[in-house]
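A.B. asks: Below you will find the structure I want to go over with you.
The values are calculated or read from the model by the stated rules, or taken from the named source; none is laboratory data. These numbers were taken from a predicted model, which means no experiment stands behind them. Every residue, glycine as well, gets a Cβ built from its backbone with ideal geometry; the counts of neighbours run over all protein chains shown.
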Amino acid sequence: MENKHNHYFKADNAERRLWQNPEAILATIGLKPALTLVDIGCGGGFFALPAARITRGRGMVYGIDINADYLRELNELAVKEKLDNLILTVGKAEEVIVCERCADIVFFGLVLHDFEDAVKVIRNANRMLKPGGHLFNLDWKKERTDRGPSFKKRFSQEYAAGLIEAAGFAIENIKTSGRYHYLISALKLPER
């Protein structure tokens, strides 16, 4: 049985677009044509598909998700649009590293609270980032709202920032992103 929130992760979710604009968020995080982005927990491509459109021709987008059905559907959409810069990997983010030091940006779109071991996932993100790369965590505010995961499951921005810092990042800023979310920007620190 499909979770009532799973439709949020589909690339073509028109209802979600009423309260969240993926292209505007990708612009906010600085995604440009020649960059490489890793979308961890990409689901059906709500962010990964627009990212592949933005980076088409010169950049790359790697998507990681545990749901093979979502990735199959996303791949079909990418093939229809002739987006050959989207590489998808099925697996647990705690176990998957698609590349070492290849990414300019690692992005978590409403998923960090879902992982069994968020710290390990963030450490894996650090391994995928180039020196000076950026991690962005877009997640639900720790508030009771009419949509999204349960209040208990949500990470406060302070808690999420602490996890990110512990994995070798410097928090650059934390800001509100729309009515329901916050966006954390973090810089990969030089390795010691």
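A.B. asks: For residues that are at pLDDT 95 or above, touching a strand residue (DSSP E or B) at 6+ places or on another chain (Cβ under 8 Å) and of a type outside the set (A, V, I, L, M, F, W, C), scanning just region 133-157, find the one that is surrounded by the most Cβ atoms within 10 Å (Cβ to Cβ).
C.D. replies: Checking each candidate, the answer is 137.
A.B. asks: Between residues in region 113-140 that are at positive phi and touching a residue at least 40 places away in the same chain (Cβ under 8 Å) and residues that are in a strand (DSSP E or B) and buried (at least 22 other Cβ atoms within 10 Å of the Cβ), which pairs lie under 7 Å by C-beta distance while being six or more apart or on different chains?
C.D. replies: Going by the 7 Å Cβ cut-off, the qualifying pairs are 132/188.
A.B. asks: Can you pull out the residues in region 22-56 that are touching a helix residue (DSSP H, G or I) at 6+ places or on another chain (Cβ under 9 Å) and assigned to a loop (DSSP other than H, G, I, E, B)?
C.D. replies: If the condition is that a residue be touching a helix residue (DSSP H, G or I) at 6+ places or on another chain (Cβ under 9 Å) and assigned to a loop (DSSP other than H, G, I, E, B), then 31, 32, 33, 34, 35, 41, 42, 43, 46, 47 are the ones that fit.
A.B. asks: Taking into account only those residues within region 134-167 that are of a type in the set (S, T, N, Q) and in a loop (DSSP other than H, G, I, E, B), which is nearest to residue 32 (Cα to Cα)?
C.D. replies: 156
A.B. asks: OK, next. Looking at region 35-56, is at least one residue surrounded by fewer than 14 Cβ atoms within 10 Å (Cβ to Cβ) and at pLDDT 95 or above?
C.D. replies: Within region 35-56, not a single residue is surrounded by fewer than 14 Cβ atoms within 10 Å (Cβ to Cβ) and at pLDDT 95 or above.
A.B. asks: Considering 118, 103, which residue is modelled with pLDDT of 95 or more, crowded, with 20+ Cβ neighbours inside 10 Å and more than 15 Å from residue 188 (Cβ to Cβ)?
C.D. replies: Testing whether each residue is modelled with pLDDT of 95 or more, crowded, with 20+ Cβ neighbours inside 10 Å and more than 15 Å from residue 188 (Cβ to Cβ) leaves just 118.
A.B. asks: Mind counting the residues in region 168-192 that are among the basic types (Lys, Arg) and either assigned to a strand (DSSP E or B) or modelled with pLDDT of 95 or more (or both)?
C.D. replies: Start the filter on region 168-192 by keeping residues that are among the basic types (Lys, Arg), which leaves 175, 179, 188, 192.
Subset that is either assigned to a strand (DSSP E or B) or modelled with pLDDT of 95 or more (or both): 175, 188.
Result for region 168-192: 2.
A.B. asks: Name every residue in region 57-74 that is part of a helix (DSSP H, G or I) and of a type in the set (Gly, Ala, Ser), in order of residue number. Steps first, please.
C.D. replies: Initially, region 57-74 is screened for residues part of a helix (DSSP H, G or I), giving 68-74.
Matches in region 57-74: 68 only.
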